[in-house]
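Take a look at the structure below.
Each reported figure results from applying straightforward, stated rules to the coordinates on display, with no laboratory input. Keep in mind that this is a model prediction, so the values were computed, not measured. Backbone-built Cβ (ideal geometry, glycine too); neighbour counts: all protein chains shown.
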Amino acid sequence: MPSEGGDRSFTVVKLTGGEIVVRALEDEGVACAFGIPGTHNIELYDALAQSGQVRPVLVTDEQSASFMADGYWRASGRLACVNVVPGAGLTHALSGIAEAFMDSVPMLVLGCGIRQDFKKAFQLHDVDQLAIARPVTKSAVRIDRGEDLYPEIRRACAVARAGTPGPVMVEVPVNLYLSRHEVDPARWGAAVAIFPPVAAPEQIERAAAMLNGPAVRPLIYVGLGAAGLGADLVALAERLEAPVATTFQGKGVFPESHPLFLWNGFGDAAPPFARKVAAGCSATLAIGCRFSEVGTGSYGLEPPRPLIHVDIDATVPGRNYTTDLAIAADAAELVRTLLPRLGARERNESLRREIRDGHEAVWREWLSQKPTDRVSPPRLLRALQASFGPDTVFTSDSGNGTFLAMECLRLERPGKFLAPVDYSCMGYSVPAAIGARLARPDAPVIALAGDGAFLMTGLELLTAANQGVAVAVFVLRDRELAQISQFQATALSRKTASVLPDYDVSGIAAGLGVD
């Protein structure tokens, strides 16, 4: 039908709620929707079946759906979707949603809701889902009109990616899927743009002045928020001739073969050489990090002063450590602006030699350990990197596996080490590896699963087999919840409910149809 009062023509069409939602996912570039269909969203799944762009992935448990969406983004920087039915579908998925929230991982949680077109009480799965989701999402909203489906889904994706990334939940009542809605696709418009904060010019000049002093020897400390810096981060370190430490999540953001790479952390949990180098610095430039408990070794570090803290979230700087200069800005844009204002320093061969010798001494100590009937983690992880190659993506699980991998792996780029850090949720590694492999079919993917964590989500190997997703899972087999049992033995001289009953890994694999 022609438009009124203008030359432009448009066409109003009737589409089901599922068709509209799928169109929004397609236009956002969402390629995978992880979940389990239920009575409230079968119409959505029917629309997904007609899409040539969005792949519905059936999982064995919704917890794994959110872990897969998490791994998909961390490995590729592309958004994925979690489909959950009302009630139990959401609560099953909450662990992975909360992990994404605490670790700043964007995902779209597409929650189905009960009927809103009649007011009958005690409907199937009827709980206040938005109240449940709000504490662990950036935003949780319900769409009440069919014409709002497309723009609100796209807005939710933009919010998930913007600023400090995180999960966003959108509840779509089932009656919107059951109905057709008059819409005008020509008016849907482009993606929503949400712009990051920009540093004030005087902040840039003050930061440059603090770093340019002739006696200043800065330490650079970077987290996942610095992942977009790329070559500019290397240029910054070399311009300042500054050692670079990273958070756990920031592992690989700075190439770990570089002679200025110090360690993943610099506090009490770091090797003596890293602590010594950091203690010899006289300023800290912290970029895209939060000084969280895990990354700081239970706050066991003290950044050299003055502390310049840059983060896209203005509430982060100063939260755990008092800052001398707090800057709310996108890390990549700030560093691009700051670099021309920094004077180039001479190459510090003494510093580089100290760092090189420190790394070599750590590895000599690790490799000098006498062989036992158990596998040496440093030898295992070094062998895995040598065998699978530099493009390998590693996923780990809550506990010792994450800490061992963080220390022993040497990575050159971000998106290669995917670990549950600040929420530290067990069961992450296997489903995250599947999500990572779907996102990066060109890269080998290895899951480092603790034997306790494997019991939680190891059944997702069935999903991998069904989807034709090639991942390698290494079950780290100590037959206990090792980190906890170690804490118990050290502090209490006994182990309680932390020793695992034995089980047959090969039997489980055979039952799932995998080698």
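Hey, with R₀ at 51 Å, roughly what FRET efficiency would F122 and T315 work out to, going by the Cβ-Cβ distance, to 0.05?
On the way: r = 41 Å, r/R0 = 0.80.
That gives a FRET efficiency of 0.80.
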For this session: Arrange F261, F266 by Cβ neighbour counts within 10 Å, fewest through most, would you?
Result: F261, F266
Exercise. Where in the stretch 463-511 are there trypsin sites (Lys or Arg not before Pro) that are in a DSSP coil and have at most 13 other Cβ atoms within 10 angstrom of their Cβ?
Worked result: R479, R494
Exercise. Between Q467 and T39, what FRET efficiency comes out of the Förster formula 1/(1 + (r/R0)^6) with R0 = 41 Å and r the beta carbon distance, rounded to 0.05?
Worked result: 0.95
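Where both partners of a DSSP beta bridge lie in the stretch 374-512, what percent of those bridges are antiparallel, to the nearest 5? All intermediate terms of the calculation are to be shown ahead of the outcome.
On the way: 1 of 12 bridges.
Antiparallel: roughly 10 percent of the beta bridges in the stretch 374-512.
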Problem set entry | lysines whose Cα lies under 29 Å from that of K120, excluding same-chain neighbours fewer than 8 positions away | K14
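Using Cα pairs closer than 8 Å and at least 6 residues apart in sequence, work out the relative contact order for the chain, in percent.
Values: 1066 pairs, mean separation 72.1, N = 515.
Averaging sequence separation for qualifying contacts and normalising by length gives 14 percent for the chain.
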For this session: Work through the residues other than E241 whose Cβ is under 9 Å from its Cβ and net out their charges, Lys, Arg +1 and Asp, Glu -1.
Result: +3
Exercise. How many nm is it between the label spots at S179 and Q53, if each spot is 7 Å from the Cα in line with the beta carbon?
Worked result: 2.6
For this session: Determine the calculated [θ] at 222 nm for the chain from helices alone, applying -39500 (n - 2.57) to every DSSP H run no shorter than 4 residues and normalising by the residue count; nearest 500 deg cm²/dmol.
Result: -11000 deg cm²/dmol
Exercise. Considering the dipole of the chain built from charges on the beta carbon (Lys and Arg +1, Asp and Glu -1) around the Cα centre, which of A98, P165, P317 is farthest to its positive end?
Worked result: P317
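Can you give the extra length, in nm with one decimal, that the chain gains between E333 and A509 once fully stretched, where that is 0.36 nm per residue apart less the Cα-Cα distance?
Numbers: separation 176, 0.36 × 176 = 63.36 nm, distance 4.73 nm.
Between E333 and A509, full extension yields 58.6 nm more.
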Problem set entry | Charge-dipole axis of the stretch 374-512 as Lys and Arg at +1 and Asp and Glu at -1 on Cβ define it, positive-most pick from S506, L404, G468 | L404
Exercise. For the stretch 201-351, what is the convex hull (Cα atoms) projected area averaged across all directions, in square nanometres?
Worked result: 7.7
For this session: Calculate how many DSSP beta bridges within the chain are antiparallel, expressed in % of all such bridges and rounded to the nearest 5.
Result: 10
For this session: List the pair-distance distribution P(r) of the stretch 133-216, using every Cα-Cα distance, as the percent of pairs falling in each 5 Å bin from 0 up to the bin containing the longest distance, rounded to whole percents.
Result: 3, 12, 16, 15, 13, 10, 8, 6, 6, 5, 4, 3, 1, 1
Exercise. Under a Cβ-Cβ cut-off of 11 Å, what is the net charge of the residues other than G300 that fall near it, where Lys and Arg count +1 and Asp and Glu count -1?
Worked result: -2
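If you put +1 on each Lys and Arg Cβ and -1 on each Asp and Glu Cβ, how big is the dipole of the chain around its Cα centre, in Debye rounded to 20? Kindly include the intermediate steps, with their values, before the conclusion.
Values: 48 positive and 57 negative charges, 196 e Å.
Dipole size: approximately 940 debye.
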Problem set entry | Least to most buried among F34, F118, F248, F487 (fewest other Cβ within 10 Å first) | F118, F487, F248, F34
Problem set entry | Simple spin-label estimate for V198 and S282 in nanometres, 7 Å along Cα-Cβ | 3.5
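Taking square-rooted eigenvalues a ≥ b ≥ c of the alpha carbon gyration tensor, is the chain rounded, prolate or oblate, where a/c under 1.5 means rounded and, failing that, a/b exceeding b/c means prolate? Spell out each step's value before the answer.
Working: a/c = 2.18, a/b = 1.33, b/c = 1.64.
Note, shape of the chain comes out oblate.
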Exercise. Using the Cβ atoms and a cut-off under 14 Å, what net charge is assigned to the surroundings of N320, where Lys and Arg are +1 and Asp and Glu are -1?
Worked result: -3
